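**Q** Mind looking over this structure? Questions follow.
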Amino acid sequence: MNPLISVIIPIYKVEDYLDECVQSVIHQTYKNLEIILVNDGSPDKCPQICDEYAKLDNRIIVIHKKNGGLSDARNAGLQIATGEYIQFLDADDILEKQKIEIQIGVLQKYNYPSNVFASCGWKHLKDTVYEVNDNQKKFGILIKSLLRF
C-alpha cells in the first residue's frame, strides 16, 4: 500500500524558514505526497516563494487567501486535500527525512483505517533544538473527521 498523504503547511510571515520547511517535505523518503502550501495573506516574500516551489514540483499546490489565522489556513488546506492521511506542518518547522514513511508504516502495521492520523515527536528549530526522545515511542491518533479547527 502506498496511500497519498496530504501535507498542509499554513504560511504567514515565515520567509526566513519557509525554504528549509518545504525542502524537508520535498525530500521525504516517502514520495506519494500532495504538498499544500496555504499562503494566509503573508505580506512578505512567502507568496512568491510558494509559487516558485509549485513550478518546481508538481506535487505542490498553492492556495493564496486573505489572512484568517492558523485554523482558517489549515481548514482551507483540508478543503482541497485528497490524501488518505493528513500531515500538518508549521512553516517554521521541518520533518525528519523518514518521518512520513515511519508514520505510515506504523499505521499500516497496526491496520489503522485511513480516517486516523499519527502524531509523534518533533524538534523545535527557531532558537533552541529539542531532540526527540527515542524512549517515547507513543503515537497519538486523531480521527480525521474531527480535524476541523
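**Q** Quick one: Cα centre-to-centre distance for the range 60-77 and the range 1-41, in angstrom?
**A** If you average the Cα positions of each part, the centres end up 13 Å apart.
**Q** With every protein chain kept in the model, how would you rank Tyr12, Tyr110, Tyr53 by accessible area, 1.4 Å probe, largest at the top?
**A** Tyr110, Tyr12, Tyr53
**Q** Within 11 Å, Cβ to Cβ, of Gly77, how many net charges do the neighbouring residues add up to if Lys/Arg are +1 and Asp/Glu are -1?
**A** Local charge sum for Gly77: -1.
**Q** Using 7 Å Cα-to-Cβ label points, what is the Gln108/Asn58 separation (nm, one decimal)?
**A** 2.3 nm
**Q** Kindly provide log₁₀ I(q)/I(0) values, in the same order as q = 0.13, 0.14, 0.19, 0.23 Å⁻¹, from the Debye equation applied to equal alpha-carbon scatterers of the range 2-111.
**A** For the range 2-111, the Cα-only Debye profile gives -0.43, -0.50, -0.91, -1.29.
**Q** Count the lysine pairs in the range 14-76 whose Cα atoms sit under 18 Å apart, keeping only pairs 8 or more residues apart in sequence or on different chains.
**A** Pairs that pass both the separation and distance tests number 4.
**Q** Non-local amide H neighbours of Ile61 (under 5 Å, H modeled in plane, Pro and chain starts lacking H): which ones?
**A** Ile35, Ile36, Leu37
The values are calculated or read from the model by the stated rules, or taken from the named source; none is laboratory data. Bear in mind that the values here come from a model prediction, so they are computed numbers and not experimental data. When we count neighbours, we look across all protein chains shown, and the Cβ atoms used for this are built from the backbone with ideal geometry, even at glycine. These accessible areas exclude ligands, DNA and RNA; they are computed on the full protein's heavy atoms, side chains included. Shrake-Rupley method; radii C 1.70, N 1.55, O 1.52, S 1.80 Å.
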